[in-house]
Amino acid sequence: MRVIAFYLPQFHRTKENDEWWGEGFTEWVNMKKAKKLFQNHYQPRIPLHNNYYDLTDVSNMKWQADIARKHGVYGFCVYHYWFEGKQLLQKPMENYLQSEEIDFPYCFCWANETWTAAWATDSKHPKVLMQQTYGQKEAWKKHFEYLLPFFKDKRYIKNDNKPLFVIYRPEQIPCLNEMLDFFQGLAIENGFDGIEFASQQKDFHIKKNSDDSRFQYKIEYQPDFAQYDLQSSLRRAIDKTKEKIILFSQKYLGISIKKMKNLTVLDYDKVWRAVLNRKPDSEKMIPGAFVDWDNTPRYGKKGKVIQGASPEKFYQYMRQQIVHAREDYKKDMLFLFAWNEWAEGGYMEPDEKYGFGYLEALKKALEETNEFIQ
C-alpha cells in the first residue's frame with residue numbers, strides 16, 4: 001500500500017510573503033500565534049524540540065524523508081504553485097531535485113487556485129494576491145518544460161512510465177481538456193507513455209456533467225469528502241436558500257446581509273466513520289485518509305476543528321482504511337492529509353505532545369495489514 005502524504009512547501013521565506021504578510025513570514029508565524037479557543041482545544045501546537053525548520057535547508061528535507069520512509073510513508077505529493085509562468089514556493093523542490101542525498105519518491109499537485117487574503121479578513125471579496133490564469137499553448141509548453149526535469153527524475157512517482165500529476169481544482173480550468181491533451185502529447189514526445197492525471201477537489205467529483213475523461217484517478221481528499229457526506233440533503237438545501245436570499249437582498253433591495261461564520265467543531269470519530277463508510281462510485285477513485293484537522297491558527301474563531309484526535313484513534317481508523325482501500329477500492333495507493341499542514345492541524349511530523357506517535361501509529365497499521373513498505 002503506497003501511502004502518499006500531501007506536502008506543503010510553505011516553510012521558508014519568500015519576497016512575496018514578506019510583502020503580503022510582513023518580513024519573515026512562513027506558516028510557523030501563524031502556528032506561534034495560535035490560541036486555545038475552548039476547553040481541551042489542542043493549541044498551540046509546537047514541533048518536537050522547537051524544530052521550526054526552514055525548507056531551503058536541504059538537510060531538513062532529508063530528515064523529513066528519512067523519518068517518513070522509516071514509518072511507512074511511500075512518498076510526498078508536493079503542492080506546486082504555477083500562475084501562467086509565475087511561481088511561488090518552488091525553491092524547496094528545486095533544491096530537492098538537485099540533491100542526490102534525498103532518496104524518496106514524490107509527485108506534484110498543482111494547487112491551481114488564486115491566492116487571496118481570505119484567512120486574514122472578514123470581507124466577502126478579499127484582496128487578490130496572485131491571480132490564477134492559464135494562457136494558451138505557449139504558456140502550457142512553458143509549464144510542461146518546467147515540470148519535465150522532475151518527471152524525468154527517478155524519484156518522481158510513475159505508473160507504467162507515466163508520471164503522476166495531481167490537479168487540485170480541475171473544475172476551475174476553462175481550457176482543461178485541451179491543455180491536458182497538449183501535456184499528454186509533450187510527454188509522449190519526451191519518452192513517456194503519457195501522464196496519469198488525478199483530480200483532488202470534491203467540487204470536480206460531484207459537479208454534474210463533469211468531464212473526467214482525461215483523468216485516470218479521482219482522489220477522495222479527506223476530511224473534505226467525509227464532511228460533505230455528513231451534511232444532510234436538507235442542510236445543503238437550507239444553505240443554498242440562505243445564499244439566494246443574501247444575493248437577492250444585495251441585488252434587488254440594496255440590503256447587505258453579512259454572512260456570519262463562527263467556529264465549527266466536529267467530532268473526530270464521526271468524521272472518520274464517514275470516511276470508512278464511503279464506497280467508490282467509479283473505478284477511478286483513490287481513497288483518502290486524514291491525521292487531524294484544525295485551521296484556527298489561520299482563521300481563529302472563523303475556523304474549523306475536528307476534535308478528539310489521538311495517535312491511538314488514528315491507528316485504529318488507518319488500519320481499517322488500509323483494508324478498505326485494498327478490498328473495496330482495489331487500489332494500492334492511499335492519499336493522506338497530510339505530512340506538514342501544521343496550520344490546518346494535519347501533520348505526521350513529531351510534536352511536543354505526541355512525539356512520533358502518529359508516525360508510529362501509521363507504521364503499526366501498515367504492519368498489521370501486511371502492507372508496510374520499507
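The values are calculated or read from the model by the stated rules, or taken from the named source; none is laboratory data. These numbers were taken from a predicted model, which means no experiment stands behind them. All Cβ positions, glycine included, derive from the backbone under ideal geometry; neighbour counts span all protein chains shown. For accessibility, only protein heavy atoms count, side chains too; no ligands or nucleic acids. Shrake-Rupley method; radii C 1.70, N 1.55, O 1.52, S 1.80 Å.
Every condition in (1) more than 26 Å from residue 207 (Cβ to Cβ); (2) touching a residue at least 24 places away in the same chain (Cβ under 8 Å) is met by residue 123 except one, and the failing one is (2). Restricting the search to the stretch 22-47, which residues are surrounded by 13 or more Cβ atoms within 10 Å (Cβ to Cβ) and without any contact (Cβ under 8 Å) to a residue 12 or more places away in the chain? Hit for the stretch 22-47 is 29, nothing else.
If you go through the stretch 88-126 and keep only what is of a type outside the set (A, V, I, L, M), closer than 30 Å to residue 70 by Cβ and open to solvent by 20 Å² or more (accessible area, probe 1.4 Å), you end up with 90, 91, 94, 95, 98, 100, 101, 103, 105. A count restricted to the stretch 267-284 and to residues that are more than 28 Å from residue 307 (Cβ to Cβ) and either of a type outside the set (S, T, N, Q) or modelled with pLDDT of 95 or more (or both) stands at 4.
Across the stretch 299-313, a minimum of one residue is classified as among the β-branched types (Val, Ile, Thr) and either under 25 Å from residue 45 (Cα atoms) or in contact with a His (Cβ under 8 Å, 6 or more places away or on another chain) (or both).
The single condition among (1) in a loop (DSSP other than H, G, I, E, B); (2) in contact with a Cys (Cβ under 7 Å, 6 or more places away or on another chain) that residue 43 does not satisfy is (2). Annotation note: of 306, 373, the sole residue that is farther than 21 Å from residue 63 by Cβ, touching a residue at least 24 places away in the same chain (Cβ under 8 Å) and either hydrophobic (A, V, I, L, M, F, W, C) or in contact with a strand residue (DSSP E or B) (Cβ under 9 Å, 6 or more places away or on another chain) (or both) is 306. So in the stretch 100-122, with the set limited to residues that are in contact with a Gly (Cβ under 7 Å, 6 or more places away or on another chain) and of a type outside the set (A, V, I, L, M, F, W, C), which one is nearest to residue 296 (Cα to Cα)? Step by step, filter the stretch 100-122, then rank; the result is 106. The residue of the stretch 263-284 that is surrounded by the most Cβ atoms within 10 Å (Cβ to Cβ), among those that are under 25 Å from residue 71 (Cα atoms) and not hydroxyl-bearing (Ser, Thr, Tyr), is 272. Counting residues in the stretch 328-339 that are open to solvent by 10 Å² or more (accessible area, probe 1.4 Å), closer than 25 Å to residue 106 by Cβ and part of a helix (DSSP H, G or I) gives zero.
For residues that are within 22 Å of residue 118 (Cα to Cα) and among the polar types (S, T, N, Q), scanning just the stretch 294-327, find the one that is surrounded by the most Cβ atoms within 10 Å (Cβ to Cβ).
For the stretch 294-327, the residue satisfying everything is 296.
The set of residues in the stretch 344-363 being outside any strand (DSSP E or B), surrounded by 24 or more Cβ atoms within 10 Å (Cβ to Cβ) and of a type in the set (Gly, Ala, Ser) consists of 345, 361. Applying the condition of being surrounded by fewer than 17 Cβ atoms within 10 Å (Cβ to Cβ) and over 30 Å from residue 193 (Cα atoms) to the stretch 207-228 and asking which residue is modelled with the highest pLDDT yields 228.
Hey, any hits in the stretch 120-136 for a residue that's within 17 Å of residue 181 (Cα to Cα) and among the basic types (Lys, Arg)?
no
A Cβ distance below 6 Å, combined with a sequence gap of six or more or placement on separate chains, defines the contacts here; from the stretch 48-72, residues that are of a type in the set (Lys, Arg) reach residues that are in a loop (DSSP other than H, G, I, E, B) and open to solvent by 40 Å² or more (accessible area, probe 1.4 Å) in the pairs 62/101. Residues in the stretch 301-320 that are in a helix (DSSP H, G or I) and farther than 21 Å from residue 351 by Cα: 301, 302, 319, 320. Every listed requirement among (1) in a helix (DSSP H, G or I); (2) at pLDDT 90 or above; (3) open to solvent by 50 Å² or more (accessible area, probe 1.4 Å); (4) not charged (D, E, K, R) is met by residue 186 save one, (3). Would you mind stating whether residue 129 is touching a Ser or Thr at 6+ places or on another chain (Cβ under 8 Å), over 14 Å from residue 7 (Cα atoms), in contact (Cβ under 8 Å) with a residue 40 or more places away in the chain and crowded, with 16+ Cβ neighbours inside 10 Å? The answer is yes for residue 129.
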